[in-house]
Structure formats: structure tokens, C-alpha cells
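Visitor: Before we start, here is the structure in question, set down as C-alpha cells.
Read-outs: derived from the displayed coordinates by stated rules, not from any lab. Keep in mind that what you see is a predicted model, and the values were worked out from it rather than measured. Every residue, glycine among them, receives a Cβ derived from its backbone with ideal geometry; neighbour counts consider all protein chains shown.
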Amino acid sequence: MKRFTCWVALLVALVSGCAQTRFHSPSECPLTTEVVARKPASSEPQPEQRDGSAEPALIVHADGPKPSSSGWQPTSAQATAEPKSLPPAPAAQIEGSGNGLSTLDSFEQLAMSLNPTLSELQARVDAANGRWLQIGLYPNPEIAYSAPEIGNGGTPGQQGAYVQQEFVTADKLQLNRNAASWEVKRVEQELSAQRLRVLTDIRAGFYSLRVAQERVTIAEELHGIAQQAVEKAKELVKVQEPETVLTQAEIEAELALLLLENSRVQQAAQWRSLMSVVGQPDLPQQDVTGELDVAAPQLVWEETLDRIRRESPELAAVAAEVEQTRWAVQRASVQAVPNVTVQAGSMYDFGTRDPIATLQIQLPVPIFNRNQGGIAEAHAHAIAAERAVERVELSLQQRLAAVYQQYEQARQQASRYDATILKKARRNLDLNRQSYEAGESAYLGVLTAQRSYFQAKLAWLNALEQLWSATVQIEGLLLKDSLQQ
């Protein structure tokens, strides 16, 4: 009986020691063989082997992967670059009637704290890290109690315990981790891209709101002048001026009122849209501050395209997916290598009064299932991932072409209005007023010049809005629409 007790105590101690060291130092457990010695001790993602012990890289071709010392590299993407994530900004203080919001910086800070899509993507990053941790954990040992032949010969039969452990072969767990680490990087790049989307939407929305606010100011000024023109036209009609003068002035006043009403509606809509991106849709409307006539950055097509190719998190995300599928091909190729299950136990036969030791080793024989379908699927995913890199590169260039056209046209228009057209329109208005006051022309000329001047100012504002919209899209690496799926 003492021998039986010793055997059971030994098995329990063996299992207990393995369980205590499994998550920290797998190589120290007596049941752990060399196949798990490369499992990283840290719980952080390990996208590549730091000690040079990584599996050879693969170049994925149409006919399958081939080993390579350098690995497949996208032609213009930094697959291994760290995501260009922006530091979290503190929430803006909301106090009093002003809500603490008036500048672009204050909107950006509040959006980085409150926009729900950022929390959503951060949760996906956490989930990917959890998957990386789980997918590389070693199988737990199993301990069981066995009592066969109870009652045989009027005895308790055989009583004992055994422990069972599955040994993972072919470095499968590390290959799991290698693939999962690139999934972590891909999701991190998606989070970085989402931050840029939010910032782009905030900046474009802010400039649109600032333009709408200025448009209201111009419309109010135009409406006030139009009302004065109506009163002036009434006086002129009394002194034998044609009634068409009054009619034209009233038409101008009605058009100015319509412009003012539409401008106020547009300002309210821009505020609501901006607050949706910020994550505070119920904040009351208020005016914002910022200069509109600050010179926009001078952008050159070749330099801009090259920068987007280098820094785009969209491209980095699909490049990370290429690396993930590359490791998945290696993982699928070793799936058919059987794991070994070892069972060891100690029993005591009460009928013969003999201690008994048991040992069982089992492994599947890969005769029919050699993971042929899984390997073919992994090859196909790898090829698709390569093509996705090319597709995203072309998509970025196509999108940049449209936005860059908008930038160039708006920049030329804003510059021309600011340098020439507005000055000439203002000069023309002053000359018509002087001519009328000198009795050399009719008042209709003043109304016409006045309308032309304000139309030019509104067109200048539209060009500025288009200019800044295109500029912030390019500076944001063409990422926008943060609230869209």
C-alpha cells in the first residue's frame, strides 16, 4: 500500500509542477519537450523572432510557397513598420455656455476621447492580442482516477490514478503565434487608419462649419444692404425714377433673404455633422474661430503619392495580412505532423496485492487526412493577400487623382479670387456708387455691381471650402468617413 501511495503522490506532484510553470517557463516542466522551448515568455505580440530562430520566410507563388531567406516584401509598403498611431488626447473641458469648444484643436481633442469608433477598434486590438495569447498556450495535462475490476474476487479490484499529456510537435504553437502576431499588427493599423479618419472628418467638418459661418455673415451683410437699397429705391421712385428701380431692389432683397435663410440652415447642418463625429451630438450650436485665408500647403503630385504609399495604414494593414497568410501556409503544412499523447499511471491491485504501473503512448497516423485541403486553402489566401496589396496601391492612386484635382482647381480659384477678382469686384462697386452719386448713371448699375461683388465673395468661400476639404484629405492619407462601416 505504501508503494501505491508513493506512486499517486509522485503523479500528483508531477502534474502540479507542470501546471504551476506552464504559463511562465514551459521548458522547466518535466513533461515539456524541446518543441515548446521557443514559445515567447512575454504576453506581448511577437511579430518576428528576435533571436533569429524564426522559420524561413516564404515567397508565395501561384504554384505554392517556396522558402526564402528574405521573405516576400510588398513593393511599396512597410509591412514591418510600426503603426503611426496618434497619442490619445485628453477630453476637452465642457463648462458654461461656450462648452470650451471654439478652435480646431479643441474639437480634435474631444473627438479623440469620445468618438465611439476608436473605442470599437481598440477593443478589436485587445481581442487580437487575446487571440495571440490563447492560440499559443500549451494543452493542459489531464489527471484521472481509474478503478477497473471492482468486486473481482470480492476485492476492490485495481485502484489508481494516471496523468495524460498531449505533446505538440512541429513547432505548431509558435507558428500559431507568428501568424496571430501579424493579425495583431493588421488590426493596429486599422486603428491607426481610424484615428486618421476621425481627424480628417473633424478638420474637414471644422473648415466647412467655418465657411458656413462666414457665409451667414456675408448673407447678413448683403441682406442689410439690400434692405437699405429698397428704401433708397422708394425715395428715387418719388422723384421720377422708373419703377423698375424699386422692383429690382425688392428682388435683390428677396434673394438676399433667401440666401441668408439657406446659409443659416447650412450652418446648423454643418454643426450637427461635426458634433456627430466628435461624439457629442447634443451640444448646442456656437460660433468657431479660425482663419480661412491662411495659405494651404503646397502639394506636389509625385511627392504626395510617394508619401501616401510609404505611410498609408491601409497599405500597411494589407501588407501585414500578407505576412499573416505566409505564416498560415507554414502552419498548414505541418498540421498533418501528429501530436503525441502520453499517459502514465500507477495502480494497486487489491486482489494480487501488487502495485502496477501503466504507460500508454498514442498518435494518429496521417494516412487519409494530411491536411491537403487546409494547405490548398492557405496557399489561395496567400495569393489573394498579395493581389490585395496591388489593389490597395492602385485604389490609393485613383482616389488621390480625384482629390488632387479638387485641390489644384480649388487652390487656383481661391488664389485668383483673392488676388484679382474680389479686388476688381469691390472696385467696380465703388465706381458705380461714385458714378451714381455724381448723377452719371442709374441706380440699377449700383445694384448690379453690388450683386456681383457678393457673388464673388461667396464663390471665393466655396473655393476655400473645397481647397481645405481636399487638403485635409490628402494630409490624412485619403482616409475619411469615420462613422461609415
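Visitor: Does any residue in the stretch 454-483 that is free of Cβ contacts under 8 Å to residues at least 60 places away in the same chain come within less than 6 Å, Cβ to Cβ, of a residue that is surrounded by 22 or more Cβ atoms within 10 Å (Cβ to Cβ) and in a loop (DSSP other than H, G, I, E, B) six or more places away or on a different chain, and which pairs are these?
Guide: none
Visitor: Next question. Would you call residue 160 under 23 Å from residue 466 (Cα atoms) and not polar (S, T, N, Q)?
Guide: no
Visitor: Next question. Can you tell me which residue in the stretch 398-445 is farthest from residue 311 (Cα to Cα), limited to those that are loosely packed, with under 13 Cβ neighbours inside 10 Å and under 29 Å from the mean Cα position of the chain (by Cα)?
Guide: 405
Visitor: Looking only at helices (runs of 4 or more DSSP H) that fall completely inside the stretch 244-345, which ones have 2 or more residues that are of a type in the set (Val, Ile, Thr), within 25 Å of the chain's Cα centre (by Cα) and over 30 Å from residue 377 (Cβ atoms)? Before the answer, list the steps.
Guide: On the way: elements: 244-278, 301-311, 313-333.
Per the criteria, 244-278, 301-311.
Visitor: Select from the stretch 147-197 the residues that are over 25 Å from residue 336 (Cα atoms), in a strand (DSSP E or B) and either of a type in the set (S, T, N, Q) or free of Cβ contacts under 8 Å to residues at least 40 places away in the same chain (or both) and list them in ascending order.
Guide: Correct list: 158, 159.
Visitor: Based on this model, can you work out whether residue 133 counts as out of contact with any helix residue (DSSP H, G or I) (no Cβ under 8 Å at 6 or more places or on another chain) and either surrounded by fewer than 19 Cβ atoms within 10 Å (Cβ to Cβ) or of a type in the set (Phe, Trp, Tyr) (or both)?
Guide: Values: out of contact with any helix residue (DSSP H, G or I) (no Cβ under 8 Å at 6 or more places or on another chain): yes; either surrounded by fewer than 19 Cβ atoms within 10 Å (Cβ to Cβ) or of a type in the set (Phe, Trp, Tyr) (or both): yes.
So residue 133 passes the test.
Visitor: Would you pick out the residues in the stretch 375-387 that are farther than 9 Å from residue 336 by Cβ and either of a type in the set (A, V, I, L, M) or touching a helix residue (DSSP H, G or I) at 6+ places or on another chain (Cβ under 9 Å) (or both)?
Guide: 376, 377, 378, 379, 380, 381, 382, 383, 384, 385, 386
Okay, residues lined up against (1) closer than 17 Å to residue 423 by Cβ; (2) assigned to a helix (DSSP H, G or I):
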| residue | (1), (2) |
| --- | --- |
| 440 | no, no |
| 444 | no, yes |
| 448 | no, yes |
| 458 | yes, yes |
| 461 | yes, yes |
| 466 | no, yes |
| 469 | no, yes |
| 473 | no, yes |
| 484 | no, no |
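Visitor: Here is a follow-up. Residues being among the aliphatic types (A, V, I, L, M), surrounded by fewer than 19 Cβ atoms within 10 Å (Cβ to Cβ) and touching a Lys or Arg at 6+ places or on another chain (Cβ under 7 Å): count how many of those fall in the stretch 297-323.
Guide: Number satisfying all stated conditions: 0.
Visitor: What is the residue count in the stretch 199-222 for residues that are basic (Lys, Arg) and out of contact with any helix residue (DSSP H, G or I) (no Cβ under 6 Å at 6 or more places or on another chain)?
Guide: 1
Visitor: Turning to a different aspect of this structure: Looking at (1) farther than 21 Å from residue 206 by Cβ; (2) part of a loop (DSSP other than H, G, I, E, B), which is the one condition that is false for residue 477?
Guide: (1)
Visitor: Also, quick follow-up: Considering only residues that are assigned to a helix (DSSP H, G or I) and either over 30 Å from residue 333 (Cα atoms) or in contact (Cβ under 8 Å) with a residue 40 or more places away in the chain (or both), which ones fall in the stretch 128-146?
Guide: 128, 129, 131, 132, 133, 135
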